[in-house]
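Asks: Take a look at the following structure, please.
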Amino acid sequence: MGIFNNKNSKLSKENIYSFGLQPGKTCKSAGICKDICYGLKGNYRFPSHLIKYNNNLILTKKNNFVDLCINDIVRRKIKYIRWHDTGDIYNQSYLNKIETIAIHTQKYNCFHYAYTKMVNLKYRPIDNFKIIFSFGGKYDNKININRPHSKIFYSLEDMRKKKYIDCSKSDKKAIKNIRIGLLYH
């Protein structure tokens, strides 16, 4: 067992590992998304998941978090990491740690990405780290639609009409595109 897991059914099909935090508790910019958050439903509500997400949150605040993550990536030869299959980047200090991990694992060909509603933070341009701003938060008006962003759609027809790429079944498509569409389920 390591810091990152590959138990998310969608992500594991593409050999993408993830790191999750408690939804709600870390989602400081959440808006309407709270009403449809899959992280607040189903398997994510099992006690084992809640304990894991809480332990992950505690871990992010430790001084050795960056080193533990880098060691796990190198030891397990992880190539793709999605930060937050649940939860979100909760402050600048935590973002800085994620960016440091990405920088230090670039030489191991590890690509990092994160969906986030935290548009007010200062993001550094890092070749192996992609930020995807998600609509549905408090600061949607600050999202630049010429940069990677995602929207939730209730139909594939509407998604296609608005020229978004369906990434509902493949997160690797999200890594390569700017207009990311996700179907509500």
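The values are calculated or read from the model by the stated rules, or taken from the named source; none is laboratory data. On a predicted model such as this, the values are computed, not experimentally measured, just so you know. A quick note on method: Cβ atoms are made from the backbone with ideal geometry, for glycine too, and the neighbour counts reach across all protein chains shown.
Asks: Within the bounds of the stretch 77-88, is there any residue that is closer than 22 Å to ASN8 by Cα, basic (Lys, Arg) and surrounded by 14 or more Cβ atoms within 10 Å (Cβ to Cβ)?
Replies: Checking the stretch 77-88: at least one residue is closer than 22 Å to ASN8 by Cα, basic (Lys, Arg) and surrounded by 14 or more Cβ atoms within 10 Å (Cβ to Cβ).
Asks: I'm trying to understand the selection: among the residues of the stretch 2-23, which are modelled with pLDDT under 80 and either surrounded by fewer than 15 Cβ atoms within 10 Å (Cβ to Cβ) or farther than 25 Å from LEU121 by Cβ (or both)?
Replies: Once the filter is applied, which keeps residues that are modelled with pLDDT under 80 and either surrounded by fewer than 15 Cβ atoms within 10 Å (Cβ to Cβ) or farther than 25 Å from LEU121 by Cβ (or both), the stretch 2-23 yields LYS7, SER9, LYS10, SER12.
Asks: Which count do you get for residues in the stretch 131-167 that are of a type in the set (Ser, Thr, Tyr), touching a residue at least 60 places away in the same chain (Cβ under 8 Å) and in a loop (DSSP other than H, G, I, E, B)?
Replies: 1
Asks: Against the condition crowded, with 18+ Cβ neighbours inside 10 Å and either under 17 Å from the mean Cα position of the chain (by Cα) or at pLDDT 90 or above (or both), how does CYS37 come out, does it pass?
Replies: no
Asks: Just the residues that are assigned to a helix (DSSP H, G or I) and either among the hydrophobic types (A, V, I, L, M, F, W, C) or modelled with pLDDT under 95 (or both), please, taken from the stretch 69-105.
Replies: Listed by number, the residues that qualify are CYS69, ILE70, ILE73, VAL74, LEU95, ILE98, ILE101, ALA102, ILE103.
Asks: Is it the case that LYS151 is among the charged types (D, E, K, R), surrounded by fewer than 20 Cβ atoms within 10 Å (Cβ to Cβ) and more than 19 Å from SER18 (Cβ to Cβ)?
Replies: yes
Asks: Does TYR154 satisfy the condition of being at pLDDT below 95 and either in contact with a Cys (Cβ under 9 Å, 6 or more places away or on another chain) or within 22 Å of LEU11 (Cα to Cα) (or both)?
Replies: For TYR154, the condition - at pLDDT below 95 and either in contact with a Cys (Cβ under 9 Å, 6 or more places away or on another chain) or within 22 Å of LEU11 (Cα to Cα) (or both) - is met.
Asks: If you go through the stretch 157-177, how many residues are closer than 21 Å to ASN8 by Cβ and not polar (S, T, N, Q)?
Replies: At the first step, the residues of the stretch 157-177 found to be closer than 21 Å to ASN8 by Cβ are 165-177.
Next, from what is left, pick out any that are not polar (S, T, N, Q): 165-167, 169, 171-176.
Residues in the stretch 157-177 being closer than 21 Å to ASN8 by Cβ and not polar (S, T, N, Q): 10 in total.
Asks: Let me ask something additional. Of TYR123, TYR108, TYR113, which residue is within 12 Å of the chain's Cα centre (by Cα), within 21 Å of PHE19 (Cβ to Cβ) and of a type in the set (Ser, Thr, Tyr)?
Replies: Answer to the check: TYR113.
Asks: Could you list, in sequence order, all residues of the stretch 101-131 that are in contact with a helix residue (DSSP H, G or I) (Cβ under 7 Å, 6 or more places away or on another chain), surrounded by fewer than 21 Cβ atoms within 10 Å (Cβ to Cβ) and of a type in the set (Val, Ile, Thr)?
Replies: VAL119, ILE126
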